[in-house]
Amino acid sequence: MFNLFKEDKSLEDLSISEERYRRLFETAQDGILLLDINTGLITDVNKFLIDMLGYSKSDFLKKHVWEVGLFKNEDEQKENFKILQEKGYVRFENLPLETINGKKINVEFVANSYRVGDETVIQCNIRDITERVKAENKLFDIAVRDEAMLQSLGDAVFACDKYGIITLFNKKSEEMTGIKSADAIGKHFREVLTFVQEEGEKRNDGFIDRVLTTNKETVMEKNTLLVSNTGVKIPVSDSASPIIDSKGNSLGCVVVFHDVTMERSVDKAKTELVALASHQMRTPLTAILWYTELIKSNDYGQLNERQSQFADEIYNAGKRMAVLVNSLLNVSRLEMGSFIIEPVDSDIVGLAKNNVSIFKTQIYTKKIDFVEEYDPEITSFLADPKLLGILFQNIISNAIKYTPPGGKVTLSIKKEADNLNISLADNGYGIPKNDQDKIFNKLYRAENAKIIDPTGNGLGLYIVKEIISHSGGKIWFDSKVGKGTTFYISYPLTGMSKKEGDKFLVS
Ligand code: ADP
């Protein structure tokens, strides 16, 4: 906006300024009209406006601003002119105009009054914003379409800014939470949405914080429930994704979730079936193993070499089957959340030694140098001996399985700071890098493991990880292919945490 004149300018200054202004007036990239404040007569018009609208200079001059055909509604314009006379200023952000050729354009119209000597002049700046309006309309259409799409989605979708404030809340979110979008928008997601764990009902919305701090997609923890505003608990699942601008800056995140009541009940039924079937299989399997052992003992008749070989085959296959059945039973009990953790004062070193001795035949046959290092300060530790046994057996059997004959395995239990640390190091085949982030997944086996021992089931480490995470411990590992693997388990010195339930895990 040009406003070069001040009331107190001297005449000389004024004429210099006038000259400058004239040049600016003629070369300006905005259309400019000058009006007489008292009459509304157009006193001047610049080239840019003449070109913009296609009228000749004489079409404009000596006419009232409301007469020149620019402004469709003359009465309204007279009204506006009155306001301009009173306030000395009017502004229209988007005024639709028509050029002499009937082309519709949009302009921004700003009128200001100022004084030149004794005269008050009104300057109207008219800027063609047709392209901007078109672009804005296009953006608006896209936004409307996106909004319509989001609203009609079968999934609940909400978005929050980087501070966790909700900026979008679709219809399905309203339906599932019972909270209106108008009440949700502008509030922190924690004030509006309650996600809890199925078991224990602790808040379970860390996945949203994680995406906001790491800018990486995160998945809702398993067994998450959404608590609606009326207290109804709906099993939900899904993920949160970061919203990142073109420069890589975080703008917030989008959370998508849906009702998985059906899937959860199917899963539950499957787990219960596995639990039941594996439990039922234990009794006949025990009989098979027991009678095979009797046959192998030769107490009930001498076996010839082939018979003895076949009996060994039955026995070994039965043993493998028993391990699988126990693992399946444990997995189903872990997944139903019904397992018990009952920590008691335990001789953890004695327990470790017993569990190593279970593998003495394999250690001997593979000529493994098995080293045991126990901190003499450790006398007793609050732990569930059965669960500790499952942990030891799984990691020890893996270390032996995945270490070539003649290798070395070191089991150590130490008190360090406030923790009891167990480590099991082998110098075996190692875990390939690509498999490392998946080996705690159910049924996952690394490619090299499938070749080294085709009989594994990929359930052991899953069970170990689940036990540890439910009992207040941590597990992690270091591994290099060809160099070996070390598993670390750490518990606070206060011991394993207790858990109520109705089923024990089996070993
Ligand atoms: P598995 O029955 O296959 O041994 P686990 O669940 O116990 O199943 O282990 C999962 C996978 O982790 C194994 O298949 C193997 O790829 C890898 N793994 C576990 N322990 C070791 C180890 N000490 N050395 C190398 N790989 C290991």
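For the reader, a short list of remarks on this structure follows.
- Search result, residues across the stretch 414-463 that are within 27 Å of Asp345 (Cβ to Cβ) and either more than 9 Å from the ligand (Cβ to nearest atom) or assigned to a strand (DSSP E or B) (or both): Lys414, Lys415, Glu416, Ala417, Asp418, Asn419, Leu420, Asn421, Ile422, Ser423, Leu424
- Out of Phe381, Phe440, Phe392, sole residue that is buried (at least 16 other Cβ atoms within 10 Å of the Cβ), at pLDDT 95 or above and under 17 Å from Val356 (Cα atoms): Phe392
- Those helices (runs of 4 or more DSSP H) of the stretch 172-254 in which 1 or more residues are over 30 Å from Arg333 (Cα atoms) and touching a residue at least 40 places away in the same chain (Cβ under 8 Å) occupy 189-192, 206-214.
- When the stretch 395-413 is limited to residues that are within 10 Å of the ligand (Cβ to nearest atom) and in a loop (DSSP other than H, G, I, E, B), the one that is nearest to Ser327 (Cα to Cα) turns out to be Tyr402.
- Some residue of the stretch 86-98 being surrounded by 12 or more Cβ atoms within 10 Å (Cβ to Cβ), farther than 22 Å from Ala28 by Cβ and in contact (Cβ under 8 Å) with a residue 40 or more places away in the chain: no
- Here Ala159 clears all of (1) outside any strand (DSSP E or B); (2) closer than 22 Å to Val260 by Cβ except the condition numbered (1).
- Neighbours by Cβ (under 6 Å, 6+ apart or cross-chain): first from the stretch 34-63, over 17 Å from Leu97 (Cα atoms); second assigned to a strand (DSSP E or B) and of a type in the set (Gly, Ala, Ser): Ile37/Ser113
- Single match in Thr494, Thr486 (criterion: more than 8 Å from the ligand (Cβ to nearest atom), over 21 Å from Pro385 (Cβ atoms), of a type in the set (Val, Ile, Thr) and touching a residue at least 60 places away in the same chain (Cβ under 8 Å)): Thr486
- Candidates in the stretch 237-271 are the residues that are acidic (Asp, Glu) and surrounded by 14 or more Cβ atoms within 10 Å (Cβ to Cβ); of these, the one that is farthest from Val211 (Cα to Cα) is Asp267.
- The C-beta contact set for the stretch 452-468 (first residue closer than 14 Å to Arg333 by Cβ and among the β-branched types (Val, Ile, Thr), second residue near the ligand (Cβ under 8 Å from one of its atoms) and open to solvent by 20 Å² or more (accessible area, probe 1.4 Å), distance under 9 angstrom, 6+ apart or interchain) comprises Ile463/Asn394.
The values are calculated or read from the model by the stated rules, or taken from the named source; none is laboratory data. As the structure is a prediction and not an experimental result, all values here were calculated from the model. Positions of Cβ are generated from backbone atoms using ideal geometry, with glycine treated the same way; all protein chains shown enter the neighbour counts. The area values use the complete protein model at the heavy-atom level, side chains included, leaving out ligands, DNA and RNA. Shrake-Rupley method; radii C 1.70, N 1.55, O 1.52, S 1.80 Å.
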